1. Does residue B:126 satisfy the criteria of being touching a helix residue (DSSP H, G or I) at 6+ places or on another chain (Cβ under 7 Å), in a helix (DSSP H, G or I), farther than 20 Å from residue B:232 by Cα and within 14 Å of another protein chain (Cβ to nearest Cβ)?
2. Residues in the range A:157-180 that are under 18 Å from residue A:127 (Cα atoms) and surrounded by fewer than 23 Cβ atoms within 10 Å (Cβ to Cβ): how many?
3. Assigned to a strand (DSSP E or B), under 20 Å from the mean Cα position of the chain (by Cα) and within 16 Å of ligand 2 (Cβ to nearest atom): which single residue out of A:41, A:47 fits that description?
4. Give me the helices (runs of 4 or more DSSP H) completely within the range B:162-268, filtered to those with at least 2 residues that are within 14 Å of chain A (Cβ to nearest Cβ), more than 19 Å from residue B:75 (Cα to Cα) and modelled with pLDDT of 95 or more, ordered by residue number.
5. Just checking, which of A:259, A:286, A:302 is at pLDDT 90 or above, assigned to a helix (DSSP H, G or I) and surrounded by 14 or more Cβ atoms within 10 Å (Cβ to Cβ)?
6. Kindly indicate the residue of the range B:30-44 that is within 14 Å of another protein chain (Cβ to nearest Cβ) and in a loop (DSSP other than H, G, I, E, B) and also surrounded by the fewest Cβ atoms within 10 Å (Cβ to Cβ) among those meeting that condition.
7. Here are A:64, A:58: which of them is within 16 Å of ligand 1 (Cβ to nearest atom), in contact (Cβ under 8 Å) with a residue 40 or more places away in the chain and over 20 Å from the mean Cα position of the chain (by Cα)?
8. With the condition kept exactly as written, say whether any residue in the range A:230-245 is within 15 Å of the chain's Cα centre (by Cα) and under 12 Å from residue A:309 (Cα atoms).
Ligand SMILES: Nc1ncnc2c1ncn2[C@@H]1O[C@H](COP(=O)(O)OP(=O)(O)O)[C@@H](O)[C@H]1O
Ligand SMILES: [Mg+2]
């Protein structure tokens, strides 16, 4: 794995990190190193163990096994000290719904023992940063999902953290709200804040992460930069074919021998319930060949490979069901 | 290791549990929909209706209750039952909600606060409310002329003790609870009977001898007895010691178990 910012200090180091809930093992001995200033992602479907990992890395949940250091400190004994230097955006917003935006920030500032004047000043700056300055006195109850998410991000920044941990920062947001969040995260990254992000959106991982690990069933199945992962586990381009209902059916395809014929054209074929994916180097060439072979899909699309394809390759499943 | 933080903020100098206390105070101040007038009006009306009204009947038919007027007998138990009520109302649904539904305690646990700080912050806030409410009730009882000793100045402390004696174990319970179903059962089969039968409205001597121990093991009974002793100034030192010991033991056990329960719940 090439390490962007290899010279930077490691701020989070996990070795064999494990989390058990009773007999159930949610995180199965993962190795991760996050370096100062980078944007590091955990990509995986629901239930992969992302939140369990984030809660350990936030120095909240106790590891059941393995080693974990944050800023070189042991979270088991130095929790408060570590958390004073972290900002956490949990999967659920956990805001005080009946209080105003301003009071939500003030409470958090107090949790970090900041003096009141400093809290006031940072509240102003942060609300401008997340574009909520005009809603400072609104009750959180009255805010949209996107606004609440931005407030949760502002809240996590009140202590000017060195690492910002975001658990699915844009799940459930509409595209416009997502782009606003992404834009703010870029800015933080430019300012040197280390970002640790979980997501089950491959586009989010590609957009935001310098490096990422792909998680599934509590283990890391691949690691690298988005580019490296795609190069290693997918072809350059993908041809997506959709067939009319019965023709797209797996058995119909097999009976017609079309899977075999498509297989001759592509490096690899994935048959999904709603479409067939051909992994190829040059999509346009292959698409003509498909037509040339007398196979007529209802629709066809040529696109570049994405992390979604990497995940499919590694696990045989799609990220978002 | 990374270098020192880019921005080292000056600190406000509050200990961690105090920050949690302050959080609870803010939520209360920002969401309280009652009024100070209302808070004073209830004990006032209660004492008029029960103390003066019923007291009149008692005086007419029975005379006194163990040498006291019915108002003198009743008023201190109002303070103790109110403290119990407060210690219960504040400790069950609000705590389970902050853990399970709105998850604001989880938010606190992701800051320098430890789960124990959240527990102590909550309990100390409930104590604050118990003391403040008891000051108001003591004043109202005084206005009715039902205070007969300088010991009555300790009534707010009695109220505070009763509040935490209930709050500490109940917060602990809420921190371990998966649903609020059993809370309703608790109110129906513990709070209400205690309110009615802890020698609140008539002395323990009114019960058949066989039932008296049952009354006397009720935690509220000890609060009522203490409050009555403080208001009248008549009591045996041994009895006072026993009542205080019961309530203090409930508090201590609650705190020890509650700190642990909160940790288990918030860090898993
Ligand atoms: N507190 C818990 N008790 C029991 N099981 C849990 C708990 N938290 C998570 N799990 C289980 O651990 C697995 C991983 O969950 P999670 O870390 O939330 O995954 P993700 O965030 O990737 O969706 C899931 O199967 C989930 O049901
Ligand atoms: Mg999750």
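1. Details: touching a helix residue (DSSP H, G or I) at 6+ places or on another chain (Cβ under 7 Å): yes; in a helix (DSSP H, G or I): yes; farther than 20 Å from residue B:232 by Cα: yes; within 14 Å of another protein chain (Cβ to nearest Cβ): no.
So residue B:126 does not fit the description; no.
2. Residues in the range A:157-180 being under 18 Å from residue A:127 (Cα atoms) and surrounded by fewer than 23 Cβ atoms within 10 Å (Cβ to Cβ): 8 in total.
3. One residue alone meets the criteria, A:41.
4. Because the criterion is at least 2 residues that are within 14 Å of chain A (Cβ to nearest Cβ), more than 19 Å from residue B:75 (Cα to Cα) and modelled with pLDDT of 95 or more, the helices (runs of 4 or more DSSP H) in the range B:162-268 that meet it are B:237-267.
5. A:286
6. The initial filter retains those residues of the range B:30-44 that are within 14 Å of another protein chain (Cβ to nearest Cβ), namely B:30-33.
Retained after the next criterion (residues that are in a loop (DSSP other than H, G, I, E, B)): B:32-33.
Numbers: B:32: 10, B:33: 5.
Of everything passing the filter in the range B:30-44, B:33 is surrounded by the fewest Cβ atoms within 10 Å (Cβ to Cβ).
7. Working: A:58 fails: over 20 Å from the mean Cα position of the chain (by Cα).
So the residue among A:64, A:58 that is within 16 Å of ligand 1 (Cβ to nearest atom), in contact (Cβ under 8 Å) with a residue 40 or more places away in the chain and over 20 Å from the mean Cα position of the chain (by Cα) is A:64.
8. Initially, the range A:230-245 is screened for residues within 15 Å of the chain's Cα centre (by Cα), giving none.
The answer is no, given that none of the residues of the range A:230-245 is within 15 Å of the chain's Cα centre (by Cα) and under 12 Å from residue A:309 (Cα atoms).
The values are calculated or read from the model by the stated rules, or taken from the named source; none is laboratory data. Every value quoted in this text rests on a predicted model; they were computed, and no experiment measured them. When we count neighbours, we look across all protein chains shown, and the Cβ atoms used for this are built from the backbone with ideal geometry, even at glycine.
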